[in-house]
Structure formats: C-alpha cells, structure tokens
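Visitor: Have a look at this one.
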Amino acid sequence: MKKKYYRNKTAVITGAASGIGKEFAIQLTNLKVNLILSDINLAGLKNIESELDSFDTKIIFVQCDVTKKEDVENLAAITLKEMNQVDFVFSNAGVYGIGPLEEFTHQQWEHMINVNIWGMIYVVSAFLPIMLEQEGGHVIVTSSIAGSMGSGMVTPYSTTKFANSGFCEALYGEYKQKGLNVSVICPFPIHTHLIKGAGFSFSSDLFEKYGNKITKEAIEAGKKYYWEEFTKKGSGFLGGFNVEKSVKRFIKKISKKKLYIFDRRYGRLIQYLRGFWPSLYKLLLKISGKRHRKLVEATYDKIIEKSGI
C-alpha cells in the first residue's frame with residue numbers, strides 16, 4: 001500500500017457510525033489521516049468517538065442527514081473551516097431493502113433513492129468545487145456488487161447502486177483531467193449492520209392473511225436471520241468476508257487509484273462475463289435471483305414463526 005498517499009491528508013466520511021464507514025475511519029486514523037466523520041445517527045457517532053480517542057489525528061464529528069442538501073453543505077463548510085482542505089470524500093451512507101418488486105411501495109423507493117442517489121449527489125456536489133480549487137482530490141462512492149450485477153429481490157437497491165457506479169464512471173471521465181480521482185467500491189455481502197435500517201416489501205397476501213399478528217420483534221428476528229444467511233461463507237451469495245478484511249483491500253486499491261474496486265476477484269469475472277459471455281451472465285442472473293427469492297421466502301416463514309402464528 002502507498003501509505004504516503006494517505007499520511008497527513010484529510011478525509012470526509014458519511015455513514016461513519018457503523019459498518020464500512022466506521023471501519024474506514026478506524027483504518028484511516030492508523031494511516032495518520034485527519035477525519036471529518038458524519039452520520040445521521042448521533043449516538044453512533046459518539047460511540048465511535050470513544051473508540052478513536054487514542055489516535056494522534058484530528059477528528060471532527062458532524063451529525064448530517066445526506067438527504068438534506070443544507071446538512072451536506074454545512075458539512076462541507078465545517079470541513080473547510082476546520083481542516084482548510086479535503087483530500088478524500090467517502091460518500092458511504094446507504095440503505096437497503098429486500099422483497100418482491102411488486103410489493104415495494106412508492107415511499108420505499110423514494111427513501112432508497114433519496115439516501116443512495118441524492119445523498120451521493122449532494123455530497124459530491126458540495127465538495128467538488130473545493131477539490132477543483134485545490135486542483136486535486138479523490139471521491140470514493142460505496143456502491144455494491146448489486147451495482148455491478150443486477151440482483152433479484154433487491155431491485156430498488158440494485159437500481160440505486162447501478163446509479164452510483166454510472167455516476168462514478170461519468171465523474172471520472174469528466175474530471176480526471178482536472179486532477180480528480182474517482183473510485184467506486186463494490187462490496188460482496190459482508191458482515192455489517194446494513195440490515196438494521198433495511199426495509200422489507202412484504203407480500204400484501206401476507207398481511208391480508210395475518211394482519212397485525214406480525215410483530216416488530218419478529219420482523220427484526222427475520223432480518224437478522226436473512227442477513228446471517230446472506231453474508232455467511234458458503235451461502236451461495238459469495239459472502240463471508242468480515243468488514244476489516246474488505247476495507248483493508250479497499251484502502252489499498254484506493255491508493256492505486258482504481259476506478260472499480262471489489263473485495264473479491266469474482267467482481268472482475270462478473271464484469272468480464274457481462275461483456276464477453278452474455279449467455280452465461282444471464283444464467284447467473286437467473287440462478288442468483290432464484291436463490292435470493294428462496295432466502296426471502298424462508299425469511300418470511302421465520303417472521304411468521306417468530307410471531308407465534
């Protein structure tokens with residue numbers, strides 16, 4: 001890794017209170033990076049503050065809702081005031097949703113688009129002028145393998161993650177010659193707390209049949225079951241990496257200024273198959289979608305069971 005690429009630089013991270021964002025914060029402080037850490041979850045930010053107390057770097061904590069343009073503009077203003085520069089912007093905040101496409105509500109679509117797409121747009125738009133004036137910087141957007149290969153049963157999520165990837169390609173093409181580096185991170189399923197904020201698009205038949213008998217506790221238990229199965233090694237979803245290992249790989253590849261960054265080599269294989277072996281790629285989409293539907297149906301069964309129905 002090119003440690004000098006990070007040493008004494010400044011990074012802004014959204015969605016820093018947990019998961020990938022939190023792990024970026026921990027590993028970047030080890031590389032002597034000064035940080036502006038933001039999240040909508042103020043309590044989560046305070047928890048990570050106690051974990052980073054021992055590091056000899058400057059760290060500022062800012063509560064920020066990336067769906068609010070004024071919050072993000074305030075984040076940029078604080079960064080400039082406190083740090084005088086910004087070398088890395090990690091647009092990392094994101095939300096997840098699971099279930100059949102026909103059952104997703106307009107509100108669920110809107111929430112995912114607001115966080116995953118508008119959040120990215122607001123963050124990059126706020127910090128881009130600063131980086132252009134500096135004549136350099138690096139934008140890193142957290143997408144997903146679902147933004148490189150369509151994934152059934154998470155169609156709204158996959159849609160927003162493809163938008164992340166397309167945005168980064170266009171940003172790279174437009175601003176690379178002006179000194180801006182761009183990377184899009186595409187993790188395979190890893191052990192984070194992303195599922196905590198996830199929404200389920202339940203079958204309307206399910207609620208017609210069981211009504212209010214389905215409990216909130218059962219839904220949370222179902223989400224936990226889903227995520228454990230989805231991210232475990234050997235599940236068929238190519239998961240199983242822990243977040244520390246994945247982020248270590250991301251940091252190394254960011255220092256090499258890679259555009260697309262995966263934590264597993266399968267990512268490059270998927271890109272190859274889509275371009276050079278489309279019939280096999282279509283088969284993979286079909287198999288993946290069928291496997292995911294089976295897991296979601298098993299999750300529904302778990303929720304019904306936990307509700308005592």
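Visitor: I want to confirm something. Restricting to segment 224-264 and keeping residues that are within 15 Å of the chain's Cα centre (by Cα) and surrounded by fewer than 16 Cβ atoms within 10 Å (Cβ to Cβ), which single residue is modelled with the highest pLDDT?
Guide: In this case the residue turns out to be Glu244.
Visitor: Can I ask one more? Which pairs do you get when a residue that is touching a residue at least 40 places away in the same chain (Cβ under 8 Å), found in segment 43-64, comes within reach of a residue that is assigned to a helix (DSSP H, G or I), reach meaning Cβ atoms under 7 angstrom, with the pair 6+ apart or on two chains?
Guide: So the pair list comes out as Cys64/Asp71; Cys64/Val72; Cys64/Leu75.
Visitor: Got a number for residues in segment 32-71 being under 19 Å from the mean Cα position of the chain (by Cα), over 23 Å from Ser125 (Cα atoms) and surrounded by 16 or more Cβ atoms within 10 Å (Cβ to Cβ)?
Guide: Adding up the residues that qualify gives 3.
Visitor: Can I ask one more? Which condition breaks for Ser203 when tested against (1) surrounded by fewer than 18 Cβ atoms within 10 Å (Cβ to Cβ); (2) touching a helix residue (DSSP H, G or I) at 6+ places or on another chain (Cβ under 9 Å); (3) at pLDDT 80 or above?
Guide: It fails just one condition, (3).
Visitor: Ok, one more. Within segment 116-159, take every residue that is in a helix (DSSP H, G or I), in contact (Cβ under 8 Å) with a residue 60 or more places away in the chain and closer than 17 Å to Ile185 by Cα and give me the one that is farthest from the chain's Cα centre (by Cα).
Guide: Just the residues of segment 116-159 that are in a helix (DSSP H, G or I), to begin with: 116-134, 145-147, 155-159.
Now drop any that are not in contact (Cβ under 8 Å) with a residue 60 or more places away in the chain, which leaves 119, 123, 127, 145, 157.
Within this subset, residues satisfying the condition of being closer than 17 Å to Ile185 by Cα are 119, 123, 145, 157.
Numbers: Gly119: 11, Val123: 14, Ile145: 10, Tyr157: 10 Å.
Ranking the candidates gives Val123 first.
The values are calculated or read from the model by the stated rules, or taken from the named source; none is laboratory data. A quick note: this is a predicted structure, and the numbers were derived from the prediction, not measured. Reconstructed Cβ throughout: ideal geometry from the backbone, glycine too, with neighbour counts over all protein chains shown.
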